[in-house]
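Engineer: I have a structure here, written as structure tokens, and I will follow up with some questions on it.
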Amino acid sequence: MECGASSEDQLPEYDFDPEKLEVRVRVTLAADRKSVDPVVEQVMEAVHQMKCADGKEDAIELSLQEALANAVVHGAKEDPSKIIECLVACDEQRGILIIVRDPGPGFDPSAIPTCTVGENLFFNHGRGIFLINQLMDEVKFHKNGTEIHMVKRVNGQAQNGKA
């Protein structure tokens, strides 16, 4: 796990103060399910130290777990020769930004059926994205769905109205 920012890290534009936002954690993992838990533990250790999301660590941990698992299983098709990347940036006044990137072909997030409606209740797909959307204050997909950006705000205020 690398700490610190580098010029190659390109963070999206959010309402975070760019002077205060810096990449605190950058980690890569092989696209193997066994790699997910140790990375989640490493990242969460850093999240606890950052103090960017005090009291919201459980939501962040579960969202990160789901995002990394989706990247491994769906994005990289569990091919350990492929690499998943995770960036964590922090602004102590606003919150935490987590980006998970996978090398897959991408997907259309709007095509994922809502797992809480009708016959979709019995499907195994879409639950991770549903959980992430419920737990994080802001979730966006970029680069044809190969990148998920998740924001958890310090004060619980979100642009989309979720707390």
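The values are calculated or read from the model by the stated rules, or taken from the named source; none is laboratory data. Just so it is clear, the structure is predicted and the values come from calculations on it, not from any experiment. So basically every Cβ, Gly included, is an ideal-geometry build from the backbone, and we count neighbours across all protein chains shown. Note: areas computed on protein heavy atoms with side chains; ligands, DNA, RNA excluded. Shrake-Rupley method; radii C 1.70, N 1.55, O 1.52, S 1.80 Å.
Engineer: Any idea how many residues of the range 36-77 are in a loop (DSSP other than H, G, I, E, B), open to solvent by 80 Å² or more (accessible area, probe 1.4 Å) and without any contact (Cβ under 8 Å) to a residue 60 or more places away in the chain? Lay out the reasoning, then the answer.
Structural biologist: Residues of the range 36-77 that are in a loop (DSSP other than H, G, I, E, B), as a first pass: 51-56, 76-77.
Checking the rest, the ones that are also open to solvent by 80 Å² or more (accessible area, probe 1.4 Å) come to 51, 54, 77.
Filter once more, keeping what is without any contact (Cβ under 8 Å) to a residue 60 or more places away in the chain: 51, 77.
Result for the range 36-77: 2.
Engineer: Quick one: how many residues across the range 100-114 are modelled with pLDDT under 95 and in contact with a strand residue (DSSP E or B) (Cβ under 6 Å, 6 or more places away or on another chain)? Let's see the steps before the verdict.
Structural biologist: Taking the range 100-114 and keeping what is modelled with pLDDT under 95, we get 104-114.
In the following step, the residues that additionally are in contact with a strand residue (DSSP E or B) (Cβ under 6 Å, 6 or more places away or on another chain) were identified as 109.
Residues in the range 100-114 being modelled with pLDDT under 95 and in contact with a strand residue (DSSP E or B) (Cβ under 6 Å, 6 or more places away or on another chain): 1 in total.
Engineer: Select from the range 124-160 the residues that are more than 13 Å from Ile60 (Cα to Cα), assigned to a loop (DSSP other than H, G, I, E, B) and modelled with pLDDT under 85 and list them in ascending order.
Structural biologist: If the condition is that a residue be more than 13 Å from Ile60 (Cα to Cα), assigned to a loop (DSSP other than H, G, I, E, B) and modelled with pLDDT under 85, then Asn124, His125, Gly126, Asn155, Gln157, Ala158, Gln159, Asn160 are the ones that fit.
Engineer: Could I ask something else about it? Could you grab me the full set of residues in the range 86-100 that are surrounded by fewer than 20 Cβ atoms within 10 Å (Cβ to Cβ) and touching a helix residue (DSSP H, G or I) at 6+ places or on another chain (Cβ under 9 Å)?
Structural biologist: Passing the criteria: only Glu92.
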